[in-house]
Amino acid sequence: MSVLLSVDDLHVSYGGIAALKGVSISIDDGELVAIVGPNGAGKSTLLRTIAGLNVPRQGSLLLRGKPIIGLAPERLVADGISLVPEGRHIFGSLTVEENIRLGATTRTGRLAVKTDIERMLSLFPILKARFRQRAGQLSGGEQQMLAIARALMAAPRLLLLDEPSLGLAPLIVDALYETFTELRTGGLTVLVVEQSIRRALRAADRAYVLHTGRIVLSGRSEELRQVDNFDQAYFGAVT
Amino acid sequence: MNLVQTAIDAINLGAIYALAALGVGLIFSVMNLINFAHGELITAAAFTVYALDGQPVGIRLGAAVVAAVCLALVMERVAFRPLRKANPATLLVTSFAVSYLVQHLVVLIFGARPIGVSLLPELSESAALGELRLPLLEIATIAVTLALLAAMTFFFRRRPLGIQMRAAAEDFTMARLVGIKANRVIAAAFAMSGILAAVLAFYQVAQSGTISYRMGVDLVLVAFVSAVVGGMGSLTGAALGGMLVGMTSVALQTFLPPTWRPYRDAFLFGLFIAFLIGRPQGLVFRKAHRVRI
């Protein structure tokens, strides 16, 4: 297994307030890795920084050994990083079809794009039924599927998911996670931020626990499930 | 019959204001910038038409479009791109600065006095249709506006760059996250605002026969009001807002008692203040513009 993304000693601040204080993580090709932690831990900041929306104060970000700090988000999409941000951010005034097609903005192969649209529609059949509707009319779960389909249309190497289960019914969340597992077998690498620890540990190979801008615990999911002080780490008693 | 003539006048002015509002609205939708220097794009096109006096009309009009588009792109590159992450107030002040700078460059080159220009004098005639007298310039303006609106609708619905611009107008950060190039979308919006400004300049020159370095200022104010009435951030709204403001203006001019007519604009803007108090989001509501990243 080769390292796809390595994050080393990352420091990010917002208007003078430190959000990440020296975070180091590493993700191998084909892994599904979860970042868990309470609100305000810096989980979203970490994903947004990897996607190029924040410029870190210090530290390094390597994609396959190549530094990516300072590259524009649109450039990083072309390099294989796709972010599904918290709150989905679908283009509500555009149709489902336009949203899906926009996902492939950086790609050139017409035929491959067409095949991928078919793939998305079979992965999320509900989008097929709503293909020509305005995306703003979709339900929350449908919008999340659309946001994921749109991100996948970029044919990413690394998919970043920020709280994909937020506000969705448990049944839909199950279906989403099944999809992630399926995509992984297809060789996709996934980094998911979750508030639901149980959910994350069930699906992920490994997890990092982020608390007030620092990684406080990390390991393979089955090990973490057995850690006595896991809840303590999660709630911040362990340093 | 008089009513039909008034209606044509109203549609004509509505079309003019719609083009102006679209130019301002387009830039606002992708950049959260109210570009008061849009007026100077109109001025630049008009002075190009003047400078090429004696050349064939096609060359004068073509060169004017090129001049306005180039000036728009230069503004974007030199003044606005370095400030893209700045807050909207900074951008607004910058647009005023650019506006004054261009105005006084024009004064430096052409002087401050209004200049007479003749463009397409044939259009100042009227075609008789029964008892109706149709001013050719108004008919041409309405036709050109409709053609432009149709072309823009096609562009925004069907062309990949147009769809990217709609996406960027709705959520700029997310647009970048799907790989849409921020610079490309914004430059395209500025180029289009240049084209719209040039068409306005043709109308202004043909209609009034004079140009001056401040000719764009009033129009950009009306454009701004129209865009706000239509709903800032929505292009359909901008077009409708312009149409509404223009038509209301002509209606007031026609139906106000003669002694009140000199105060038409007071009534006009009073009406729209009342409208905005009742409906501050404007005609077409677009989900609040997020702060750009």
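The values are calculated or read from the model by the stated rules, or taken from the named source; none is laboratory data. If you're wondering where the values come from, they're calculated on a predicted model, not measured in any experiment. Neighbour counts are summed over all protein chains in view; Cβ atoms, including those assigned to glycine, are modelled from backbone coordinates with ideal geometry.
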- Query: In the set B:185, B:222, B:199, which member is under 23 Å from residue B:76 (Cα atoms), assigned to a helix (DSSP H, G or I), out of contact with any Asp or Glu (no Cβ under 9 Å at 6 or more places or on another chain) and within 14 Å of chain A (Cβ to nearest Cβ)?
  - Reply: B:185
- Before we move on, is residue B:179 under 30 Å from residue A:49 (Cβ atoms), in contact with a helix residue (DSSP H, G or I) (Cβ under 6 Å, 6 or more places away or on another chain) and within 14 Å of chain A (Cβ to nearest Cβ)? yes
- Note on the structure: Within segment A:84-100, of all residues that are part of a loop (DSSP other than H, G, I, E, B) and of a type in the set (A, V, I, L, M, F, W, C), the one farthest from the other protein chains (Cβ to nearest Cβ) is A:90
- Item | Test: residue B:179 is over 30 Å from residue B:123 (Cα atoms) and not in a helix (DSSP H, G or I) | yes
- Message: Which residue is modelled with the highest pLDDT, if the candidates are limited to segment B:179-229 and must be closer than 22 Å to residue B:96 by Cβ and among the charged types (D, E, K, R)?
- Response: B:214
- Task: Please name all residue pairs, on different chains or six or more residues apart, with Cβ atoms under 7 Å, provided the first residue is in segment A:212-230 and is within 30 Å of residue A:17 (Cα to Cα) and the second residue is at pLDDT below 90 and of a type in the set (S, T, N, Q).
- Result: A:216/A:239
- Message: I want to confirm something. Restricting to segment A:101-111 and keeping residues that are part of a loop (DSSP other than H, G, I, E, B) and free of Cβ contacts under 8 Å to residues at least 12 places away in the same chain, which single residue is nearest to the other protein chains (Cβ to nearest Cβ)?
- Response: A:108
- Note on the structure: Filtering segment B:152-170 down to residues that are farther than 17 Å from residue A:92 by Cβ and either away from chain A (no Cβ under 11 Å) or buried (at least 20 other Cβ atoms within 10 Å of the Cβ) (or both) yields B:152, B:153, B:154, B:155, B:159
- Task: Select from segment A:40-83 the residues that are free of Cβ contacts under 8 Å to residues at least 40 places away in the same chain, basic (Lys, Arg) and more than 14 Å from chain B (Cβ to nearest Cβ) and list them in ascending order.
- Result: A:66
- Query: Quick check, is residue B:126 more than 14 Å from chain A (Cβ to nearest Cβ) and either closer than 30 Å to residue A:72 by Cβ or modelled with pLDDT of 95 or more (or both)?
  - Reply: no
